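The values are calculated or read from the model by the stated rules, or taken from the named source; none is laboratory data. No experiment lies behind these values; they were computed from the predicted model shown. Glycine also receives a Cβ, built like all others from the backbone with ideal geometry; neighbour counts cover every protein chain displayed. The accessibility values were calculated without ligands, DNA or RNA, using every heavy atom of the protein model including side chains. Shrake-Rupley method; radii C 1.70, N 1.55, O 1.52, S 1.80 Å.
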Amino acid sequence: MKRLYYNIVYAICVIAGFSSCSDFLVIEPQNEIIFDKFWNEKADVTAVIAGCYSGLQEEAVIKRMMVWGEFRSDNIGPGSNVQSDGNLEKLLKENIDAKNSYTDWKDFYSVINRCNTVIKFAPDVAAADPAYTQSELQANIAEMVAIRSLCYFYLIRAFRDVPFSREAYIDDDQKMDLPATKFNAVLDSLILDLESVKNQAVKRYPETKELYQTGRVTQDFIHALLCELYLWKQDYQKCVQYADLVIDSKKAIYEENRQKHTTTTSNDNDIDRFNGFPLVSNSKQTNWYGDAYNTLFGRDNRNTDEANQEIIFQLVFSDDPNGTGMIANGAVNSFYGNQRSSTGLVAPSDFIYSQIEIATKERRVYNYKNKMLDARIYINQTYSGSSSSNSNKAIHKYTTRTIDISASGGTTPEASYDSKYTENQNGSNWIIYRLSDIMLMKAEALTQMIQEGDNTEASDYNRSLLDRAFTLVNAVNKRSICQTLLQDTLVRSEFSNKGDMEDLILQERQRELMFEGKRWFDLVRVSQRNGNTTILKNAALQKATTGSGLISNHLSKMDAIYWPYNLDEIKVNKNLVQNPAFSSGEDESYKKTTK
């Protein structure tokens, strides 16, 4: 089980933007490094903390955030040269077994062990180094608990039950072949850990620390993570409570930004236009759109004040890795495409791509009413406004520097795409949480709080919940509309009951968060709540071109919505029991389990 946990390497080059890097630590036996030459001063703690962030930035980690959270869903299909990655090609067909390389979780456990090591040894450093204060120690421990919790949250959403430990693995004699801990037990542990440290985390970093504002753990990030953890726990009151903390914090940042920038702009009233929520404006100027994309995902996402009012936590990358010393986003470069290969290994599924035609009378993804077109049609994938020029089926979110949308003269909007990032120089930051995500989580929680009964009191209570949920969804939806005078495309009366509102929220999350590593996890959460896989299965089948019967049979099982344990992990840890929905990896598919 050593490959599971024992992958912490103290030869850490502290990532640019957090601290300078002058050399590498000499690789020696772990005990010698820890007790004789390391863990003596504040700088040692800072170096390993930076290593935790650099671990999250690893291409293998970001790829799994994408694959586990999105690629089995109806959003993603094969792209250019996908056959060069046989494991990816198989999973896109829902043909997954224990040999698939994307079941390898060691890089997440490496980050977890680094976090556990800081938590174990940082108190001793604080006792020895007067320059390392108790408040700094507490903030660092909160930071490590948050990153560790994020890693475990990815693991349980993907695999359900996983080995769980808060212990730092630093010695060969330690027992590492742990059995899997149940999903709910891990979830409860993560909540308990975060609740215990939430007030010790940094509220906000100094303005001079630009990369820190959304690139390091803050109280806003911990509140956002707790919001989602409670949503999965089905504690909806707590989910709403933490969503409100995040929303109120972002409103405060918006107000600070408004007072700081005295120049009046046409977007000064955006918070009113978006139902009181400080979303980044989509409007550049009259009849021009695309600012929301450029600020959140494109070239302008460099921790500007406007980006900070919506982004909560992101992993920071550079489009000039040689010049800045920071790394580029290799996962997006490979999976979603670049200037050399505009279509990456994956692309929008045929189902998603078929939803963008203006002539389509009924869309199941994007709404199109009264000629108010959803800008996300343009920012998610290639679309120019005319079907004849849409032969390049590619993902633009995270790959394109800027997107401008012209809607002058009331004609069908046309998109103008800047160049994609140069090969191996993708500088897009990978967003973990942003405000619209939290708003939609809150809407989901409010909808789940609806009570049974048809008496007046219950009806009034439920109507209030539906009103509040609709206000949140409507604000997110309105931001995307390509029209100067924002009008509602969603009509409250069309979502008059819990089921209708549930469907709307799931659809809006798909539109808003497409290609951000969220869709499959959303479908898994719905399956857990409903106790069946009907919605997930139907969504996955939207993109199936062959083998739909086998896929339908397979995904009818709750076990099958999670991933199998990697074959190598099963071999070294005899306490792991394989997911029964998948083959051992000795054969080439899951077909034996579908009889």
The number of residues in the stretch 215-246 that are among the hydroxyl-bearing types (Ser, Thr, Tyr), within 19 Å of ILE49 (Cβ to Cβ) and either open to solvent by 70 Å² or more (accessible area, probe 1.4 Å) or in contact with a helix residue (DSSP H, G or I) (Cβ under 6 Å, 6 or more places away or on another chain) (or both) is 0
Screening ASN566, ASN462, ASN477 for residues that are within 20 Å of the chain's Cα centre (by Cα), open to solvent by less than 60 Å² (accessible area, probe 1.4 Å) and either at pLDDT below 95 or over 30 Å from ILE379 (Cα atoms) (or both) leaves only ASN477
Taking first residues from the stretch 152-166 that are under 18 Å from ASN575 (Cβ atoms) and second residues anywhere that are open to solvent by 10 Å² or more (accessible area, probe 1.4 Å) and of a type in the set (Lys, Arg), the pairs with Cβ under 6 Å that are 6 or more apart or on different chains are ASP161/LYS182
- Could we say that ILE141 is within 19 Å of LEU225 (Cβ to Cβ), more than 21 Å from the chain's Cα centre (by Cα) and modelled with pLDDT of 95 or more here? yes
The condition of being among the acidic types (Asp, Glu), within 20 Å of ARG525 (Cα to Cα) and open to solvent by 10 Å² or more (accessible area, probe 1.4 Å) holds, among GLU452, GLU457, GLU444, only for GLU444
Taking ASP74, is it among the acidic types (Asp, Glu), surrounded by fewer than 22 Cβ atoms within 10 Å (Cβ to Cβ) and touching a residue at least 60 places away in the same chain (Cβ under 8 Å)? no
Looking across the stretch 481-502 at residues that are assigned to a helix (DSSP H, G or I) and of a type in the set (Gly, Ala, Ser), the single one that is least open to solvent (accessible area, probe 1.4 Å) is GLY499
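Results for (1) part of a loop (DSSP other than H, G, I, E, B); (2) in contact (Cβ under 8 Å) with a residue 40 or more places away in the chain; (3) closer than 30 Å to LEU56 by Cβ, shown as yes or no for each residue.
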| site | (1), (2), (3) |
| --- | --- |
| ASN424 | yes, yes, yes |
| GLY427 | yes, yes, yes |
| LYS442 | no, yes, yes |
| LEU446 | no, yes, no |
| GLY453 | yes, no, no |
| ALA458 | no, no, no |
| ARG463 | no, no, no |
| LEU466 | no, no, no |
If we take the stretch 328-382, then helices (runs of 4 or more DSSP H) inside it with 1 or more residues that are within 20 Å of the chain's Cα centre (by Cα), surrounded by fewer than 21 Cβ atoms within 10 Å (Cβ to Cβ) and modelled with pLDDT of 90 or more are 330-335
Margin query: Would you confirm, using the coordinates I've provided, whether ARG525 is assigned to a helix (DSSP H, G or I) and under 22 Å from VAL61 (Cβ atoms)?
Written below: yes
message = Just to be sure before I move on: is ASP291 open to solvent by 20 Å² or more (accessible area, probe 1.4 Å), in contact with a Ser or Thr (Cβ under 8 Å, 6 or more places away or on another chain) and modelled with pLDDT of 85 or more in the structure I sent?
response = yes
THR208 meets each of (1) assigned to a helix (DSSP H, G or I); (2) out of contact with any helix residue (DSSP H, G or I) (no Cβ under 7 Å at 6 or more places or on another chain) with one exception, condition (1)
If I filter the stretch 3-20 for residues that are at pLDDT 95 or above, surrounded by 16 or more Cβ atoms within 10 Å (Cβ to Cβ) and in a loop (DSSP other than H, G, I, E, B), do I get at least one hit? no
Of the residues in the stretch 73-104, those that are closer than 11 Å to TRP563 by Cα and of a type in the set (A, V, I, L, M, F, W, C) come to LEU91, ILE96, ALA98
Taking the stretch 160-193 and keeping only residues that are part of a helix (DSSP H, G or I) and crowded, with 22+ Cβ neighbours inside 10 Å, one is left with LEU190
For ASN530, the lone unmet condition from (1) under 24 Å from the mean Cα position of the chain (by Cα); (2) within 17 Å of ASP161 (Cα to Cα) is (2)
- prompt: Before we move on, is TYR205 in contact (Cβ under 8 Å) with a residue 24 or more places away in the chain and among the aromatic types (Phe, Trp, Tyr)?
  reply: no
Notebook entry, point to check: Would you call VAL197 outside any helix (DSSP H, G or I) and open to solvent by less than 70 Å² (accessible area, probe 1.4 Å)?
Noted result: no
Going through (1) open to solvent by 10 Å² or more (accessible area, probe 1.4 Å); (2) in contact with a helix residue (DSSP H, G or I) (Cβ under 6 Å, 6 or more places away or on another chain); (3) under 17 Å from GLN234 (Cβ atoms) one by one, LEU506 fails only at (2)
**Asked** Is it fair to say GLN528 is open to solvent by 10 Å² or more (accessible area, probe 1.4 Å), under 16 Å from ARG72 (Cβ atoms) and out of contact with any strand residue (DSSP E or B) (no Cβ under 9 Å at 6 or more places or on another chain)?
**Response** yes
